[in-house]
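Visitor: First, the structure itself, so that you have it in front of you.
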Amino acid sequence: MAANQAAADLLGAPLERWLGAPAGEFPAAGGEVSFVRPDGASRVAEVAAVALGDGRVLSVLRDVTDRRHAEARQRERVARLDAASRAKDQFLAVLSHELRTPLTPILTLAQLIERAPDLPPAVRHAAATISRNVQLEAQLIDDLLDLTRITRGQMELSSAPVDAEDQLRQVVEMCAAEVQAKGLTVEVSCGAAQRVVRGDAARLQQVFWNLYCNAIKFTPAGGRITVRTRNTAAGVFEARFADSGIGIAPADLPRLFDPFEQGARERTRHLGGLGLGLAISRMLVDLHGGGLTAESPGVDLGATFTVTLPTEVAAAAPGGPAGPEAVPAAPRPRAEAAGAGREKDRPTRRPPRVRPRRISGPPRRRSARVGPPQAS
């Protein structure tokens with residue numbers, strides 16, 4: 001047997017050791033081999049073996065020890081990060097639950113006081129302030145709970161035919177006071193012939209609420225908001241929320257749907273929130289097999305959110321045309337969202353839902369458990 005100097009160095013023995021040694025002492029099999037050198041060092045080598053045709057075998061060794069060690073370290077880092085992420089999710093879930101528990105009696109008592117007859121105006125105002133701030137706190141906690149449920153694959157959605165336009169109209173009606181207070185002009189055009197989707201009515205309304213309230217929040221007084229629905233193709237329902245608000249900086253688009261992302265904080269810090277509303281909306285739309293995108297010409301030029309959902313059976317919609325609609329499509333990739341530095345939580349009040357976690361619609365029916373979407 002013969003060997004070159006590189007092979008001798010890898011195997012940890014002088015070149016003379018291998019000259020004339022039996023062939024069986026040299027790693028000749030193809031694949032990857034691990035061995036311990038005479039100095040006690042463990043090495044890993046890739047071996048390529050080629051028969052020369054005269055009874056000899058040519059073995060080429062490549063030292064991959066450092067690569068294998070780096071891969072092992074990387075696996076350990078990933079495992080530690082996964083464990084830290086799970087611990088974080090568990091902490092947020094426990095913390096959210098513990099923070100939320102005392103809010104229910106506080107809100108109940110504040111509302112009872114607020115409705116008491118012959119209450120002095122100052123006391124009634126104080127009770128209303130307590131009630132309003134408890135509801136805001138509950139909304140933040142609900143967002144944390146939603147995020148942890150989705151990322152841990154514990155979000156459960158009911159599955160039933162839902163008139164998407166009806167859910168959208170309810171949101172517009174609930175926000176009428178905020179629109180009037182800012183003097184906004186709102187145009188609503190519902191033009192989808194196929195508007196029934198299969199999903200969770202309360203969660204879909206939550207998505208519409210987030211997007212419509214963001215438009216209100218980031219549109220200056222006297223601005224304009226347009227809400228339109230249509231069918232872009234057979235079996236596809238689309239809802240577009242366009243505003244004349246603060247718009248989006250192009251650099252903010254790719255990360256705007258990330259949890260806790262608030263874009264240009266110098267423009268949105270005074271508005272509060274955790275930066276979870278848009279992240280949760282996108283995840284919920286993904287779980288319904290749809291997509292959520294956004295576009296903006298730039299800062300101070302407004303923004304447009306677009307929700308697309310696969311439709312169910314048009315005949316199930318009151319007043320809708322008869323006939324089957326397309327089979328729901330596969331989940332669409334998640335896309336970027338809007339608001340030049342706009343943060344992603346609801347800007348205005350939401351219907352009280354300290355407990356249970358509902359917005360509107362029929363009682364929620366627990367059904368198939370849906371896992372989290374793939375990371376964007």
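Each reported figure results from applying straightforward, stated rules to the coordinates on display, with no laboratory input. None of the values given here were measured: they were computed from a predicted structure. Every residue, glycine among them, receives a Cβ derived from its backbone with ideal geometry; neighbour counts consider all protein chains shown.
Visitor: Quick query: amide H of Leu184 versus all other amide H atoms, modeled in the peptide plane; which residues come in under 5 Å with a sequence gap of 5 or more or a different chain?
Guide: So Leu184 has HN proximity to Gly222.
Visitor: Could you compute the FRET efficiency for Glu32 and His97, with r as their C-beta to C-beta distance and R0 at 56 Å, rounded to 0.05?
Guide: 0.70
Visitor: Another question, if that's okay. For the pair Arg224/Ala176, report the inter-label distance in nm, with labels modelled 7 Å from Cα in the Cβ direction.
Guide: Calculated label separation equals 2.3 nm.
Visitor: At R0 = 51 Å, how high is the FRET efficiency between Glu187 and Arg75 if r is their beta carbon distance? Nearest 0.05 is fine.
Guide: Working from the Cβ atoms, E equals 0.40.
Visitor: Applying the Karplus parametrisation 6.51 cos²θ - 1.76 cosθ + 1.60 with θ = phi - 60° to the phi angles of segment 224-236, what ³J(HN,Hα) value in whole Hz is obtained for each residue in order, glycine and proline being reported as x?
Guide: Listing the rounded values in order: 10, 10, 10, 10, 10, 10, 6, 9, 6, 7, 4, x, 10 Hz.
Visitor: Follow-up question, since we're still on this one. How large is log10 I(q)/I(0) at q = 0.20 Å⁻¹ when the Debye formula is applied to the Cα atoms of segment 108-187, each weighted equally and without solvent?
Guide: Listed by q, the Debye log ratios stand at -1.06.
Visitor: Just to be sure I understand the model, the point goes 7 Å from the Cα along the line to the Cβ. What's the resulting Thr104 to Val123 distance in nm?
Guide: 2.7
Visitor: Would you grab the residues whose amide H sits under 5 Å from the one on Gly245? Only those 5+ places off in sequence or on another chain, please, with H modelled 1.01 Å from N.
Guide: Gly302, Ala303
Visitor: Sticking with this one: If you stretched the chain out fully between Ala6 and Ala251, how much longer would it get, using 0.36 nm times the residue separation minus the C-alpha to C-alpha distance?
Guide: Once the chain is fully extended between Ala6 and Ala251, it gains 83.1 nm.
Visitor: Taking a ≥ b ≥ c as the square roots of the Cα gyration tensor eigenvalues, with a/c under 1.5 meaning rounded and otherwise prolate when a/b beats b/c, else oblate, which class fits segment 81-151?
Guide: Here segment 81-151 falls in the prolate category.
Visitor: While we're here: When the Karplus curve 6.51 cos²θ - 1.76 cosθ + 1.60 is applied with θ = phi - 60°, which whole-Hz ³J(HN,Hα) does each residue of segment 239-252 get, with x for Gly and Pro?
Guide: With the stated coefficients, segment 239-252 comes to 10, 10, 10, 10, 9, 9, x, 6, x, 9, 7, x, 5, 7 Hz.
Visitor: Can you compute 3J(HN,Hα) from phi for each residue in segment 82-94, using the Karplus curve 6.51 cos²θ - 1.76 cosθ + 1.60 with θ = phi - 60°, rounded to whole Hz and x for Gly and Pro?
Guide: Per-residue couplings from phi come out as 4, 5, 5, 5, 5, 5, 5, 4, 5, 4, 5, 5, 5 Hz.
Visitor: Moving on to the next point. Suppose the chain between Arg67 and Ala116 were pulled fully straight at 0.36 nm per residue; how much longer would it get relative to their current alpha carbon spacing?
Guide: Details: separation 49, 0.36 × 49 = 17.64 nm, distance 7.31 nm.
Extra length from Arg67 to Ala116 when fully extended: 10.3 nm.
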